[in-house]
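Peer 1: The structure under discussion is supplied below as structure tokens; questions concerning it will follow.
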Amino acid sequence: MFESSVYDARRRKLAASLRDRGAGGYVLLAAHSESPINYPDNCYPFRQDSNWLYFMGLNEPSMIALVDIADGNTILFGDDVSMDDMIWTGPKRGIAELAALSGIDCVMPLSLAGPYLSGLSAPSIHYPPFSREETVRRVAGILEISADIIRDSASPELIQAIVSLREIKEEREVEELEKATAISAEIHTLLLAELRPGWTEAEAVALFQYAAARRGCALSFNTIGTVHGEVLHNHERNSICGDGDTFLLDGGVELPSGYAGDLTTSFPVGGRFSPQKAAAYRVLLSMFADATRILKPGLPFADAHGAASLALARGFSQLGIMRGDPEEAVAAGAHALFFPHGLGHMIGLDVHDMEGLGEDNVGYSGTRRSEQFGLSSLRLAKTLEPGMVHSVEPGIYFIPGLIDKWEAERLNETFIDYAELRKWRGCGGMRIEEDWLVMERASRRLGPVLDKSLEAIEEARSGI
């Protein structure tokens with residue numbers, strides 16, 4: 001948690017941003033509550049709502065905050081821990097102490113939130129989308145309206161205001177993101193050195209989770225560790241890592257502050273890539289290099305995605321998998337057979353930062369999302385600004401079912417040599433990913449540089 005003045009200033013900026021948008025009334029923010037697995041005393045690990053963390057900083061459950069848009073003053077509604085609860089939880093800070101940590105002077109019992117709001121003279125209550133159903137129902141009860149209304153009536157002005165504030169990272173946030181990325185890179189380096197043929201995917205993922213926990217971190221998302229990289233989000237973890245396989249590790253840590261890292265490394269389970277996989281990996285590196293070379297403020301991130309796509313089409317044309325003019329192939333979407341997802345996404349207090357506010361609200365800024373296969377999955381397309389933090393994650397995948405479908409339907413056969421492609425369909429999938437900060441005149445990679453050149457990767461694996 002940062003100093004109390006940080007949260008007070010953020011709430012006042014939020015109120016000012018809403019006033020600039022012509023909004024009045026109050027902002028209602030809700031902390032997450034404990035979320036039971038199957039019964040109330042057995043809960044999932046607690047993770048606070050990220051909007052609450054950003055504007056309030058408090059990592060305790062079940063509180064409500066009301067921010068006056070007129071001046072940014074805030075009331076915190078919550079309860080002290082009872083003696084019965086304290087026996088089980090140990091001593092906890094009282095609600096007044098928590099409020100002080102967040103720069104708030106006014107506190108009220110949670111039971112008074114509803115009566116207080118009903119006593120206001122016809123106020124406009126703005127609230128963000130709530131990601132958890134229990135929060136929806138709790139807020140609905142406080143406002144004495146239906147849960148359906150809460151689900152459908154998140155404030156567009158509030159969403160815009162939150163995105164405009166949270167997407168530009170403060171220096172203190174960048175420092176946290178640097179730490180998260182550095183620890184994530186350290187654990188990737190550990191797996192790169194330790195994984196051996198004969199391990200199960202589950203063993204590899206378990207080592208990642210253990211290493212994160214030893215460093216005082218949670219996982220920023222459910223780790224992907226697989227020899228079936230052609231399955232983009234493969235969580236089955238049943239396969240044995242064989243000598244000729246490529247292992248794809250997509251994993252990151254979340255600091256106690258909530259800030260996330262997100263990296264992907266692909267490497268041979270044996271000491272070296274096969275000739276085909278080495279050739280594909282070189283194309284992957286060219287995709288990453290061409291995309292990151294042009295990153296700077298003022299660049300639409302969709303252009304970086306386009307640069308990566310063009311590098312793939314050029315590389316695969318040289319390998320004989322694709323043919324024709326690479327720019328025409330990309331315009332037709334032929335490359336998406338091998339690169340069916342977007343190049344990256346925002347990173348911050350969530351690994352996909354703010355996407356609970358709506359992916360298009362965060363990544364598109366009013367521009368229209370493409371309907372073309374592959375490009376339609378681009379989460380971040382809008383113009384980069386100093387202070388934004390995002391991932392860059394090109395991938396190459398040979399997905400047998402998708403290849404068969406395209407070939408049967410003769411899709412993009414002008415640009416794809418399906419006869420040659422049959423020789424490559426067993427190459428699986430590979431992806432590399434790093435986290436980047438947009439600065440005033442350029443962009444830079446966060447955290448320590450983890451050398452992912454083919455030579456460095458094979459050197460790291462040479463001792464197995």
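Peer 1: Averaged over all directions, how much area does the convex hull of the C-alpha atoms of region 4-166 cover when projected, in nm²?
Peer 2: 9.6 nm²
Peer 1: Taking K and R as +1 and D and E as -1, what net charge do the other residues with C-beta under 13 Å from the C-beta of Gly225 add up to?
Peer 2: -4
Peer 1: Something else: Report the label-to-label distance for Lys92 and Val449 in nanometres (one decimal), using points 7 Å from each Cα along the Cα→Cβ vector.
Peer 2: 4.8 nm
Peer 1: Still on this structure, I have one more. Over the Cα atoms of region 171-461, what is the Rg over Rh ratio if Rh follows Kirkwood?
Peer 2: Using only Cα positions, Rg/Rh for region 171-461 is 0.95.
Peer 1: How fast does region 148-283 diffuse by Stokes-Einstein, in µm²/s, taking the Kirkwood radius from C-alpha pairs at 25 °C and 0.890 mPa s?
Peer 2: In µm²/s, the coefficient is 146.
Peer 1: Sort out for me the Cα centre separation of region 387-464 from region 1-36, rounded to whole Å.
Peer 2: 39 Å
Peer 1: Using 0.36 nm per residue, how much length does the chain from Ala331 to Asp20 gain when fully extended, once their Cα-Cα distance is taken away?
Peer 2: Here the segment from Ala331 to Asp20 would lengthen by 108.0 nm.
Peer 1: Now a separate question. Want the number for Ala193 to Asn42: 0.36 nm per residue separation, take away the alpha-carbon distance, what's left?
Peer 2: 50.7 nm
Peer 1: Below 8 Å between Cα atoms, with a sequence gap of 6+, how large is the relative contact order for the chain in percent?
Peer 2: It comes to 15 percent, rounded to a whole number.
Peer 1: For region 218-260 and region 357-377, write down the distance between their C-alpha centroids in whole Å.
Peer 2: 25 Å
Peer 1: Moving on. Would you mind computing the Rg to Rh ratio of region 16-100 from its alpha-carbon coordinates, Kirkwood style for Rh?
Peer 2: Rg/Rh: 1.05.
Peer 1: Now a separate question. Compute the length gained on full extension between Glu134 and Gln372: take 0.36 nm times their separation in residues and subtract their Cα-Cα distance, giving the result in nm to one decimal.
Peer 2: Contour length minus Cα-Cα distance gives 82.1 nm.
Peer 1: How many times 2.2 N^0.38 Å is the alpha carbon radius of gyration of region 320-464?
Peer 2: Scaled against compact globular proteins, the figure is 1.22.
Peer 1: Give the order of Phe273, Phe46, Phe339 when sorted by the count of other beta carbons within 10 angstrom, beginning with the fewest.
Peer 2: Final ranking by Cβ density, sparse to dense: Phe46, Phe273, Phe339.
Peer 1: Further question: Can you compute the helix-only [θ] at 222 nm over the chain? Use -39500 (n - 2.57) per DSSP H run of at least 4 residues, normalise by all residues, nearest 500 deg cm²/dmol.
Peer 2: It comes out at -11500 deg cm²/dmol, rounded to the nearest 500.
We did not get these values from a lab; they are worked out from the coordinates using the rules stated. Remember, it's a predicted structure, so these values are computed and weren't measured experimentally. Neighbour counts run over all protein chains shown; Cβ positions are idealised from the backbone, glycine included.
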